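Before I ask anything, let me first share the structure, which is written out below as structure tokens.
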Amino acid sequence: MTEGPAKSRLPFYITRADGAPMAMAGLWQRWGDLVSCAVVSTEAGPGMAGIHDREPVILDPADWPLWLGEAGHGAALLMKPTAPGVLQMHRVDPAVNSNWASGPQLIEALAV
């Protein structure tokens, strides 16, 4: 996610505040030999609204069976912003967007 005009946008590193893996709702489709996929998004909640107007639908482990259709219908109920306090974020160096850059320093907090 980025903030500001295109030439001055800074990327953010976003994780779950509890350190658990972050699962995002997604869809995939096979079209002959081609497989395509998409991350499902919703309106930004209070934690994300300051940097973007949309955010991925983040699924808690308890939501996975509903999203995957194993717990019946009703996945539309999961299309909501993440609750406050679930995510944490910090700015990172724009080098994270380069396909030449690599290494753990790319997700270190940028001194603002």
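Here, each number is a calculation from the coordinates, and none is a lab measurement. All values reported here derive from a predicted model rather than from experimental measurement. Using ideal geometry, Cβ is built from the backbone for each residue, glycine included, and neighbour counts are taken over all protein chains shown.
Rounded to the nearest 5, what is the percent of antiparallel bridges among the DSSP beta bridges in segment 1-91?
Of all bridge pairs located within segment 1-91, approximately 100 percent are antiparallel.
Please name which of TRP67, LEU110, VAL57 has its Cα lying farthest along the dipole of the chain towards the positive end, using unit charges on Cβ (Lys, Arg +1; Asp, Glu -1) and the Cα centre as origin.
Value: LEU110.
Additional query: Out of GLY47, PHE12, ALA95, whose Cα points farthest toward the positive end of the dipole of the chain (charges: +1 Lys, Arg; -1 Asp, Glu; placed on Cβ)?
ALA95
A further question follows. Give me LEU110, LEU77 ranked fewest to most by other Cβ atoms within 10 Å of their Cβ, as a rough exposure proxy. Let's see the in-between values first.
Values: LEU110 14, LEU77 10.
Final ranking by Cβ density, sparse to dense: LEU77, LEU110.
Next up: Given a cut-off of under 8 Å on Cα pairs at least six residues apart, what relative contact order in percent is computed for the chain?
Relative contact order for the chain comes out at 28 percent.
Sorting TRP64, TRP100 on the 10 Å Cβ count, fewest up front, what's the list?
Ordered by Cβ neighbours within 10 Å, fewest first: TRP100, TRP64.
Find how much the distance from ARG9 to ALA111 grows on full extension, using 0.36 nm per residue of separation minus their present alpha carbon separation; answer in nm with one decimal.
Working: separation 102, 0.36 × 102 = 36.72 nm, distance 1.50 nm.
The span from ARG9 to ALA111 would gain 35.2 nm if fully extended.
What list of whole percents do you get for P(r) of the chain, with Cα-Cα distances grouped in 5 Å bins up to the one holding the largest distance?
All Cα pairs considered, the percentages come to 2, 10, 16, 19, 19, 16, 10, 6, 2, 0.
Pull out the extension gain between VAL40 and TRP100, defined as 0.36 nm times the separation in residues minus the alpha carbon to alpha carbon distance; nm, one decimal.
Fully extending the segment from VAL40 to TRP100 adds 18.8 nm.
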